[in-house]
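J.: Structure in structure tokens, see below.
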Protein chains: 2
Amino acid sequence: MTDSLTATGGPSSKRERLVEGARDLLFEQGVERTTIAQIAERADVPLGNVYYYYKTRDELVEAVIESRIARIRQVLGDLDRRTTPKARLKGLTATWDEAAREVKENGCPIGTLACELSRAHNELSDQAAQMIREILDWMERQFRELGRRDAPALAVTLLAAIQGAAQLASTLQDEALFRREIRRIRRWIDGIS
Amino acid sequence: MTDSLTATGGPSSKRERLVEGARDLLFEQGVERTTIAQIAERADVPLGNVYYYYKTRDELVEAVIESRIARIRQVLGDLDRRTTPKARLKGLTATWDEAAREVKENGCPIGTLACELSRAHNELSDQAAQMIREILDWMERQFRELGRRDAPALAVTLLAAIQGAAQLASTLQDEALFRREIRRIRRWIDGIS
DNA sequence: GTCTATATAGCGATAGAC
DNA sequence: GTCTATCGCTATATAGAC
């Protein structure tokens, strides 16, 4: 990269299109089934040109993870503006509810990616775990602000409930199941402490 | 197959060794990353000979799913001998607790397989979903026996909690997290109705 | 910076001797 | 039934013209 300003500058640079295409395909097909050729085609970038931007396939996957982490931070940052911890937590569950259809199709975009990469046992595993940690830490802060000493455990219980529901919904291809569980979880948050 | 008795008769026939090797490898590495050559090597069967027993790779994966379903039915059948629904449900959670180390390493053997195959969108998806359905239906019967009209929803909540905990445990490589969640779930069962 | 053509490797699956 | 050798395909990655 000769010019770091133009590199990420254009609203639809090849670099950005590649990450976006990769992100969507990894979600739709899973990491292992997705090929560089498919990513190149969706991003409308010639196959050989991909390697100018990303030296290896793993580097591209890493860029997708970083993109997801950035998005997570943005969503959590926006939620931080809400006045009460419960409103923030319920706001976060709403983002999953809005994505119920995608969740039914391919699972949680974050959870399935983290799950798949955790078995790779390379550097990507740690990056993928970071996505989950960002959410867990944020949830923990909300529960702590509610005065709960068991905030870490509550965060795990909450995220596990969401991820488990997403897994069942996609396995059974049942969107309503997911929405029902999210509603139950929202009531659970309302009843806290 | 010329003789269906000897086919499944020996305690370690090639056919059995192939399914066992495939089952272990699919769990350790995931479906997509596991090759026929690896399965053949682990089962100590020459590569070309695999195709005498299973015409395609998918047929072998299907045999693994059937093996898992058979095991699930056996475990649930044994638990049915317990006197109370709560004892049965807690007995089932104990099987996950005993497998906590494997769960930390590669996730729930059933959940990760179902999750991975649900995106394949072929016949294997339905077979994989059946593993989950068997457990869900059994859980539902226990809750119904406890007099809960919301037995289906409770079954989903319970299995989702377990699967979500397994996912977080393997993503974060945290065995203690999984054990803590299972303990919490056991207390939740104790407090039912 | 961009793109075509291709090297290289590993996969599922098959042929055919034994 | 068993096993070796190999076909055909597709993947990642690279070479090199432009």
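J.: What's the number of the condition A:VAL61 fails, among (1) over 23 Å from A:TRP188 (Cβ atoms); (2) surrounded by 19 or more Cβ atoms within 10 Å (Cβ to Cβ); (3) assigned by TED's automatic domain parsing to the domain that holds A:GLN142?
T.: Failing condition for A:VAL61: (3).
J.: Further, regarding this structure: Mind counting the residues in the range A:144-193 that are more than 12 Å from chain B (Cβ to nearest Cβ) and within 21 Å of the chain's Cα centre (by Cα)?
T.: 2
J.: Here's something else I'd like to know. Within the range A:85-99, how many residues are surrounded by fewer than 17 Cβ atoms within 10 Å (Cβ to Cβ) and β-branched (Val, Ile, Thr)?
T.: Qualifying residue count for the region: 1.
J.: Next question, about the same structure. Name the single residue, out of those in the range B:22-61 being small (Gly, Ala, Ser) and under 24 Å from A:ASN122 (Cβ atoms), that is nearest to DNA strand D (Cβ to nearest atom).
T.: By that ranking, first place goes to B:ALA37.
J.: For the range A:128-143, how many residues meet the condition of being at the interface with another protein chain (Cβ under 9 Å from one of its Cβ atoms) and basic (Lys, Arg)?
T.: 1
J.: Another question, then. Report, by residue number, each residue of the range B:170-193 that is out of contact with any Cys (no Cβ under 9 Å at 6 or more places or on another chain) and not charged (D, E, K, R).
T.: Listed by number, the residues that qualify are B:LEU172, B:GLN173, B:ALA176, B:LEU177, B:PHE178, B:ILE182, B:ILE185, B:TRP188, B:ILE189, B:GLY191, B:ILE192, B:SER193.
J.: Filter the range B:26-63 for residues that are under 27 Å from A:LEU26 (Cα atoms) and among the basic types (Lys, Arg); which is farthest from DNA strand C (Cβ to nearest atom)?
T.: Result: B:ARG33.
J.: Something else about it: Using the structure shown, decide if A:ALA43 is aliphatic (A, V, I, L, M), touching a Gly at 6+ places or on another chain (Cβ under 8 Å) and buried (at least 17 other Cβ atoms within 10 Å of the Cβ).
T.: Yes.
J.: Further question: Output the qualifying pairs, or none if there are none: Cβ atoms under 6 angstrom, residues six or more apart or on different chains, first residue in the range B:93-107 and within 14 Å of another protein chain (Cβ to nearest Cβ), second residue modelled with pLDDT under 95 and surrounded by 15 or more Cβ atoms within 10 Å (Cβ to Cβ).
T.: B:ASN106/A:ARG119
J.: Based on what the data block shows, is B:SER125 within 14 Å of chain A (Cβ to nearest Cβ), surrounded by fewer than 19 Cβ atoms within 10 Å (Cβ to Cβ) and more than 16 Å from DNA strand C (Cβ to nearest atom)?
T.: For B:SER125, the condition - within 14 Å of chain A (Cβ to nearest Cβ), surrounded by fewer than 19 Cβ atoms within 10 Å (Cβ to Cβ) and more than 16 Å from DNA strand C (Cβ to nearest atom) - is met.
J.: Still on this structure, I have one more. Look through A:VAL75, A:VAL64 and report the one residue that is more than 14 Å from chain B (Cβ to nearest Cβ), in contact (Cβ under 8 Å) with a residue 12 or more places away in the chain, of a type in the set (A, V, I, L, M, F, W, C) and more than 16 Å from DNA strand D (Cβ to nearest atom).
T.: A:VAL75
J.: Let me ask something else about it. Find the helices (runs of 4 or more DSSP H) located wholly in the range B:120-193 whose residues include 1 or more that are polar (S, T, N, Q) and without any contact (Cβ under 8 Å) to a residue 12 or more places away in the chain, and list them.
T.: Once the helices (runs of 4 or more DSSP H) in the range B:120-193 are filtered for at least 1 residues that are polar (S, T, N, Q) and without any contact (Cβ under 8 Å) to a residue 12 or more places away in the chain, what remains is B:123-145, B:151-172.
The values are calculated or read from the model by the stated rules, or taken from the named source; none is laboratory data. Nothing here was measured: the structure is a model prediction, and the numbers come from that model. Please note: Cβ atoms are built from the backbone with ideal geometry, for glycine as well, and neighbour counts cover all protein chains shown.
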